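Just so you know, all these numbers are worked out from the coordinates, no wet-lab data involved. Model, not experiment: these values are computed from the prediction. When we count neighbours, we look across all protein chains shown, and the Cβ atoms used for this are built from the backbone with ideal geometry, even at glycine.
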Amino acid sequence: MLLLNPGPVTLSERVRQSLLQPDLCHRESEFFDLQDEARARLLDIYGLDPAEWAAVLMTGSGTAAVESMIAALVPEQGKLLIVQNGVYGERITQIATQYRIAHEVVAHDWMQAPDLARIAAALDADRAITHVAVIHHETTTGRLNDLQALDALCRARDVRLLVDGVSSFGAEAIDFGGSIAAVAATANKCLHGVPGASFVMVRRSALEQAASRTYYLDLGRLARLQDQRNTPFTPSVHAYYALVEALRELEEEGGWRARHARYAALAERARAGLEALGMPALWPSDQSSVVLRAYRLPAGLSYPQLHDGLKARGFVIYAGQGGLSAELFRISTMGNIKMDDIERLLQGFKALTQ
């Protein structure tokens, strides 16, 4: 079964075999060697200086990393502006609310790109805002939000940017040289690892100001102990094995740029093929990520019919979220997917729609 949902992904055989390595106590030096390698390789993906940046690992899904980032990096007297144009922006609002973090929301319809003029006006109207949170790739619709433009707004106002990069890290461009204070991400999306390991790429200067609002996900404590070759709790050891093997594989394949090119070729073939069958992409390619794209459901065919027909042929696709479930379906090109797989997928669509 090939997974075309936005994580977990279809694993390479190499990563799958890594799960069979010997059982390992998380208090032994061998585990800390594994942890150190994962952290170093994560920094290397975007060429980050370990003196300025830390890769902080934790056991949990991508949401755990996002929660840890938001809870730690908006200081006690700080204020967060949340750019919301999909389910995952709404999730950050829920996190900020639950932690009683002072925040404002610039809300958009799910089909809208972030309105830079509205965001700038919100920042200018409230100088108490210290941080902006945004989803890089909003998988609700497959839109790739303009991180570079938001970064410029933040830089001009000396505001720090907190990025949910859960479904973009490792395959889309991220400029860490601007106002970004942290990017939260996970192993089981563009990195092709397994669920259970996530991480925050964080400026060490931001860690120095970190709040301690949570216990298990305390980013400052996790970073401090990992720097000391330690860990506060029992990590998902086998998920770390898989993460390290996936990171080795990513490097050997040519890094994030090569992965971007691979995804783009697969996504463009799927787009062209589905468009020819009467299922246009929701966004033009320059507004979409290469990781996942949303498509209009074909006339006369419901999502359950489409999903079940494709699953019987060996493919798992993904529904639109919320009210979009009656209009859209989504296809991700993450994981161990080849061009031949996309051709077989298109043949499956053709059989179901014609």
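Figures for the structure shown
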| item | result |
| --- | --- |
| Kirkwood-type radius of the stretch 66-117, with distances r between different C-alpha atoms, in Å | 11.4 |
| From phi via Karplus (6.51, -1.76, 1.60), per-residue ³J(HN,Hα) for the stretch 97-110 in Hz, x at Gly/Pro | 5, 5, 8, 6, 7, 4, 7, 10, 10, 9, 8, 10, 4, 4 |
| Environment charge of residue 205, counting only residues whose C-beta is closer than 11 Å and scoring Lys/Arg +1, Asp/Glu -1 | +1 |
| For residue 141, residues with placed amide H under 5 Å, excluding near neighbours | none |
| Length gained when the stretch residue 112-residue 77 is fully extended (0.36 nm per residue, less Cα-Cα span) | 9.5 nm |
| Per-residue HN-Hα couplings for the stretch 136-145 [Karplus 6.51, -1.76, 1.60; θ = phi - 60°; Hz; x = Gly/Pro] | 5, 10, 7, 6, 3, 10, x, 6, 9, 5 |
| Top positive-direction residue, dipole computed over the chain with Cβ charges, set 235, 317, 186 | 317 |
| Distance histogram in 5 Å bins (all Cα pairs of the stretch 235-306, percent per bin) | 3, 14, 17, 16, 14, 11, 11, 10, 4, 0 |
| ³J(HN,Hα), Karplus 6.51/-1.76/1.60, whole Hz, each residue of the stretch 54-68, x for Gly, Pro | 10, 9, 10, 8, 8, 8, x, 7, x, 4, 4, 5, 5, 4, 4 |
| Quotient of C-alpha Rg and 2.2 N^0.38 Å, computed over the stretch 255-353 | 1.02 |
| Sites residue 29 and residue 248, calculated FRET efficiency, Cβ-Cβ separation with R0 25 Å, nearest 0.05 | 0.80 |
| Nearest-0.05 FRET efficiency for residue 275 and residue 307, computed from C-beta distance (R0 22 Å) | 0.65 |
| Sequence-distant lysines (8 or more away, or on other chains) whose Cα lies within less than 20 Å of residue 189 | 338 |
| Built amide H within the under 5 Å cut-off of residue 48, gap 5+ | none |
| Viscosity 1.567 mPa s, temperature 4 °C, Stokes-Einstein D of the chain from Kirkwood C-alpha radius, µm²/s | 62 |
